[in-house]
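Colleague: First, the structure itself, so that you have it in front of you.
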Amino acid sequence: MSQQDPFGNQVNIPRLEPPSVSPNVILYVVALIAVLALLGTSIYQVEPDEVGVVLRFGAYVTSTPPGLHAKLPFGIDQVETIEVRRQKTAEFGFRSQQTGQFASRAFADESNMLTGDLNAAVVEWVVQYRIEDPVSFLFKVRNGTDTFRDMSEAVMREVVGDRTVNEVLTVGRQEVAAVVKVQLQRLSDLYEIGIRVDQVVLQDVTPPPSVKPAFNEVNEAEQVKSRLISEAQAEYNQVIPKSRGQAQQTILAAEGYATDRINRAKGEAARFTSVYDQYRQAPEVTRKRIYLETMREVLPEIGRKVVVDDDIRGLLPLLDLGGNRAPGGQ
Amino acid sequence: MQRVALGFLLLLAGLVLMSSAYVVPEWEQVVITRFGKPVGQPITTPGLKFRTPFIDKVRRFDKRFLEWDGKVTEIPTKEKRNILVDTYARWRITDPLEFLESLRDYSSALSRLDGILNGETRDAVARHDLAELIRTTDREPAQDESQHQDETTTLESISLGRETIRQELLANAKKQIASQGWGIELLDVQFKRINYVEDVRESVFARMIAERQRIADRFRSEGEGEASRIRGDKERELKEIQSEAYRQAQEIVGTADAEATRIYAEAYNRSKDSREFYEFLKTMESYRDTVDKDTWMVLSTDSDFYRFMVESDF
């Protein structure tokens, strides 16, 4: 159609019309979209450690193993995939990754508990479990994971509450874990929660922080006791064997003396006997001989000798002990 | 024109269909209400269902076990010890129709449960001693080698125990709930946590510390006692060994001396003659041993030795 522009000139404006599309093309496009939607909502994947729970119009129909599967499209079939083969861990009293200061308060609430002797203990533990029955886990209990945590806490406290603080800290740890596992499984079965408890492991089990030094003191005192005893033992072991050795020595010395004394006596007796036998054969002569022999030996040894005659009178019996030779007789 | 009308009719039919169909999933149960009043029986089986469109309303209720968490409350036990008790329970809606008519919704259900469960818990705690609430059995505790025989490592005996009390609590609560006609049932109730009140905690810790220190003292004194016993043994044995050795030595010496004396006597003492001769010999020997350069001696010419010097006839 022709029109006039603002300057009054004749302008030929072409008529704008929507591109002509045949009704068939529209149909094809709609069909394509429908097919794509069909494909998109009728295929799903189940990961290797999962199970696929298939609901048709909300009702459970089947569970599917890992892999690629088909389902009814357009939301008729809904699939919930849930990990069943992978072992899950529930931590109590601590978390593997530190989440901050404010969080540790919550963990303390999880781990403080009373023991059978009405003492207090701080217990950290883990529960390793698997979702064995995904249908039960999803449809029997709401918030299965939280419920399982509540159950674990209740069971642990029941078991710890039946034991002394000593048992929980030392000798009874294995037993507590074993009993908790059994009772937790029993409770899980009652709640139809579909969980298999694999393992319960106690981690750090300690007395409350303010009491810990006193517990350490007991350990130290035990060591002190050991030390005192072995010190005394060492002293004993040092002294007694040595004294036994010395005792031996004393006795041997006495024996030595004895032998010596007797041999000497025997020797002297034998010597006397042979001299005496000789003497008996010629007594006077032997006596004289021995006497004179002795004098021969002895007199030269005497440093100062004075020989006086009894008949000589007038000689002053003056004895000069000053060292000079004595004045001789007349 | 016909086509458009057909299309419009189809659309309308589709709309009607869509608004009358509804899905009941596995975890839900449904009551249909019409103009505010329930119609028919509750629908508990899952699947695709249909209702009168626009008029009927679908009221959904969870079919699963639901949570109830009791607040931590301070409750006195029979011996008037205040403790902090934290319980939890699991319950479910068994009759959604009854539930709808009596309780209407979850929050009122929870507050009704509060009343019953808190009440039963308070009763259970107040009627029993603390030991009964903590302990379950009368078992013998396992002993640690470091413990003394007469130390109180046995647990005080109980008559009921935690589990019995809990079962009683559960049974009472179940009965109360059933009698109300609320359409719900209680599955389980548990003591999740029981703890001392803050100020009691301090005195409990003090008791534990004192107990540990007593054990530590015992170890130390045992150590000292044993050590002095060993030292005493050491002293005693030492004396024994030394005195025994001395005795034996003396005996040996004595015997030897006696033997020597006998040998001498045998030799010297056999007759008067031998005695005299022995004396003579011994005297001669002693002359040899007793004189030296510094000895002064005054000798007479009368002596046997010197007489020949003045005598002439011999």
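Colleague: Just to be sure I understand, how many residues within the range A:151-192 are open to solvent by 10 Å² or more (accessible area, probe 1.4 Å), assigned to a helix (DSSP H, G or I) and closer than 14 Å to residue B:139 by Cα?
Modeller: Selection size over the range A:151-192: 3.
Colleague: Separate question: Among the strands (runs of 3 or more DSSP E) confined wholly to the range A:1-81, which include 2 or more residues that are open to solvent by 80 Å² or more (accessible area, probe 1.4 Å) and more than 27 Å from residue B:24 (Cα to Cα)?
Modeller: Result: A:2-4, A:10-12.
Colleague: A further question follows. Only one of B:246, B:287 is farther than 30 Å from residue A:304 by Cβ and outside any loop (DSSP other than H, G, I, E, B). Can you tell me which?
Modeller: After ruling out the rest, the residue left standing is B:246.
Colleague: So which of B:263, B:241 ends up being of a type in the set (A, V, I, L, M, F, W, C), closer than 26 Å to residue A:283 by Cα and within 7 Å of chain A (Cβ to nearest Cβ)?
Modeller: Of B:263, B:241, the one residue that is of a type in the set (A, V, I, L, M, F, W, C), closer than 26 Å to residue A:283 by Cα and within 7 Å of chain A (Cβ to nearest Cβ) is B:263.
Colleague: Which of (1) more than 8 Å from every other protein chain (Cβ to nearest Cβ); (2) part of a helix (DSSP H, G or I) does residue B:157 not meet, given it meets every other one?
Modeller: (2)
Colleague: Looking at A:269, A:282, which one is open to solvent by less than 90 Å² (accessible area, probe 1.4 Å), more than 7 Å from chain B (Cβ to nearest Cβ) and modelled with pLDDT of 85 or more?
Modeller: Among A:269, A:282, only A:282 is open to solvent by less than 90 Å² (accessible area, probe 1.4 Å), more than 7 Å from chain B (Cβ to nearest Cβ) and modelled with pLDDT of 85 or more.
Colleague: Identify all residues within the range B:165-184 that are open to solvent by less than 70 Å² (accessible area, probe 1.4 Å) and among the basic types (Lys, Arg); write none if there are none.
Modeller: Listed by number, the list holds a single entry, B:166.
Colleague: Determine the pairs where a residue that is within 8 Å of chain A (Cβ to nearest Cβ) and under 17 Å from residue A:300 (Cβ atoms), located within the range B:284-308, has a partner that is among the polar types (S, T, N, Q) and open to solvent by less than 50 Å² (accessible area, probe 1.4 Å) with Cβ atoms under 6 Å apart, the partner being 6 or more residues away or on another chain.
Modeller: Going by the 6 Å Cβ cut-off, the qualifying pairs are B:284/A:294; B:287/A:294.
Colleague: Which residue, of B:232, B:223, B:161, is farther than 30 Å from residue A:120 by Cα and either in contact (Cβ under 8 Å) with a residue 24 or more places away in the chain or not aromatic (Phe, Trp, Tyr) (or both)?
Modeller: B:232 is the lone residue from the list that is farther than 30 Å from residue A:120 by Cα and either in contact (Cβ under 8 Å) with a residue 24 or more places away in the chain or not aromatic (Phe, Trp, Tyr) (or both).
Colleague: Within the range B:95-111, identify whether any single residue is among the polar types (S, T, N, Q) and touching an Asp or Glu at 6+ places or on another chain (Cβ under 8 Å), and answer yes or no.
Modeller: Checking the range B:95-111: not a single residue is among the polar types (S, T, N, Q) and touching an Asp or Glu at 6+ places or on another chain (Cβ under 8 Å).
Colleague: Do the conditions hold for residue A:193, that is, is it within 9 Å of chain B (Cβ to nearest Cβ) and in contact (Cβ under 8 Å) with a residue 40 or more places away in the chain?
Modeller: Against the criterion (within 9 Å of chain B (Cβ to nearest Cβ) and in contact (Cβ under 8 Å) with a residue 40 or more places away in the chain), residue A:193 qualifies.
Colleague: Here's something else I'd like to know. Any residue in the range A:131-139 that is among the aliphatic types (A, V, I, L, M) and within 12 Å of chain B (Cβ to nearest Cβ)?
Modeller: yes
Colleague: For the list (1) more than 14 Å from every other protein chain (Cβ to nearest Cβ); (2) in contact (Cβ under 8 Å) with a residue 40 or more places away in the chain, I need the number of the one condition that residue B:79 fails.
Modeller: Going through the list (1) more than 14 Å from every other protein chain (Cβ to nearest Cβ); (2) in contact (Cβ under 8 Å) with a residue 40 or more places away in the chain, residue B:79 breaks only (1).
Colleague: Tell me the residue from B:247, B:236, B:229 that is over 22 Å from the mean Cα position of the chain (by Cα), among the basic types (Lys, Arg), at the interface with chain A (Cβ under 9 Å from one of its Cβ atoms) and surrounded by fewer than 15 Cβ atoms within 10 Å (Cβ to Cβ), please. Walk me through it before giving the result.
Modeller: Numbers: B:247 fails: at the interface with chain A (Cβ under 9 Å from one of its Cβ atoms); B:236 fails: at the interface with chain A (Cβ under 9 Å from one of its Cβ atoms).
Selected residue: B:229, the only one of B:247, B:236, B:229 that is over 22 Å from the mean Cα position of the chain (by Cα), among the basic types (Lys, Arg), at the interface with chain A (Cβ under 9 Å from one of its Cβ atoms) and surrounded by fewer than 15 Cβ atoms within 10 Å (Cβ to Cβ).
Colleague: Among the hydroxyl-bearing types (Ser, Thr, Tyr) and farther than 30 Å from residue B:126 by Cα - does that describe any residue in the range B:75-94?
Modeller: So far as the range B:75-94 goes, yes, one or more of its residues are among the hydroxyl-bearing types (Ser, Thr, Tyr) and farther than 30 Å from residue B:126 by Cα.
Colleague: On to the next question. Can you tell me which residue among B:114, B:69, B:86 is modelled with pLDDT of 90 or more, facing chain A (nearest Cβ under 10 Å) and farther than 26 Å from residue A:117 by Cβ?
Modeller: Answer to the check: B:69.
Colleague: Checking the condition facing chain A (nearest Cβ under 7 Å), within 30 Å of the chain's Cα centre (by Cα) and acidic (Asp, Glu), which residue from B:198, B:202, B:224, B:163 passes?
Modeller: After applying the criteria, what remains is B:224.
Colleague: Something else about it: Look at the range B:191-218 and say how many of its residues are in contact (Cβ under 8 Å) with a residue 60 or more places away in the chain and either closer than 30 Å to residue B:169 by Cα or not aliphatic (A, V, I, L, M) (or both).
Modeller: 9
Colleague: Is it fair to say residue A:243 is of a type in the set (S, T, N, Q), within 7 Å of another protein chain (Cβ to nearest Cβ) and open to solvent by less than 40 Å² (accessible area, probe 1.4 Å)?
Modeller: Working: of a type in the set (S, T, N, Q): yes; within 7 Å of another protein chain (Cβ to nearest Cβ): yes; open to solvent by less than 40 Å² (accessible area, probe 1.4 Å): yes.
For residue A:243, the condition - of a type in the set (S, T, N, Q), within 7 Å of another protein chain (Cβ to nearest Cβ) and open to solvent by less than 40 Å² (accessible area, probe 1.4 Å) - is met.
Colleague: If you don't mind, there's one more thing I want to ask. Where the second residue is among the aromatic types (Phe, Trp, Tyr) and open to solvent by less than 40 Å² (accessible area, probe 1.4 Å) and the first is more than 11 Å from residue A:253 (Cα to Cα) and without any contact (Cβ under 8 Å) to a residue 12 or more places away in the chain and lies in the range B:245-266, which pairs have Cβ atoms under 9 Å and are six or more apart or on separate chains?
Modeller: B:264/A:272
Colleague: Evaluate the following for residue B:218: is it assigned to a helix (DSSP H, G or I), surrounded by 15 or more Cβ atoms within 10 Å (Cβ to Cβ), at pLDDT 90 or above and more than 7 Å from chain A (Cβ to nearest Cβ)?
Modeller: Numbers: assigned to a helix (DSSP H, G or I): yes; surrounded by 15 or more Cβ atoms within 10 Å (Cβ to Cβ): yes; at pLDDT 90 or above: yes; more than 7 Å from chain A (Cβ to nearest Cβ): yes.
When the stated conditions are applied, residue B:218 passes them.
Colleague: While we're on this one: Take the range A:288-307 and flag every residue that is open to solvent by less than 80 Å² (accessible area, probe 1.4 Å) and in a helix (DSSP H, G or I).
Modeller: A:290, A:291, A:292, A:294, A:295, A:298, A:299
Residue-by-condition table, conditions (1) of a type in the set (Phe, Trp, Tyr); (2) open to solvent by 40 Å² or more (accessible area, probe 1.4 Å); (3) in contact with a helix residue (DSSP H, G or I) (Cβ under 6 Å, 6 or more places away or on another chain):
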residue: B:6; (1), (2), (3): no, yes, no
residue: B:13; (1), (2), (3): no, yes, no
residue: B:22; (1), (2), (3): yes, no, no
residue: B:25; (1), (2), (3): no, no, no
residue: B:31; (1), (2), (3): no, no, yes
residue: B:45; (1), (2), (3): no, yes, no
residue: B:48; (1), (2), (3): no, yes, no
residue: B:69; (1), (2), (3): no, yes, no
residue: B:77; (1), (2), (3): no, no, yes
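Colleague: Now for a different question. Kindly check whether there is at least one residue in the range A:199-220 that is farther than 30 Å from residue A:122 by Cα, within 9 Å of chain B (Cβ to nearest Cβ), surrounded by 13 or more Cβ atoms within 10 Å (Cβ to Cβ) and at pLDDT 85 or above.
Modeller: no
The values are calculated or read from the model by the stated rules, or taken from the named source; none is laboratory data. Computed from a prediction, not measured in an experiment: that's the story for all the values here. All Cβ positions, glycine included, derive from the backbone under ideal geometry; neighbour counts span all protein chains shown. Side chains included, ligands, DNA and RNA excluded: accessible areas come from the protein's heavy atoms. Shrake-Rupley method; radii C 1.70, N 1.55, O 1.52, S 1.80 Å.
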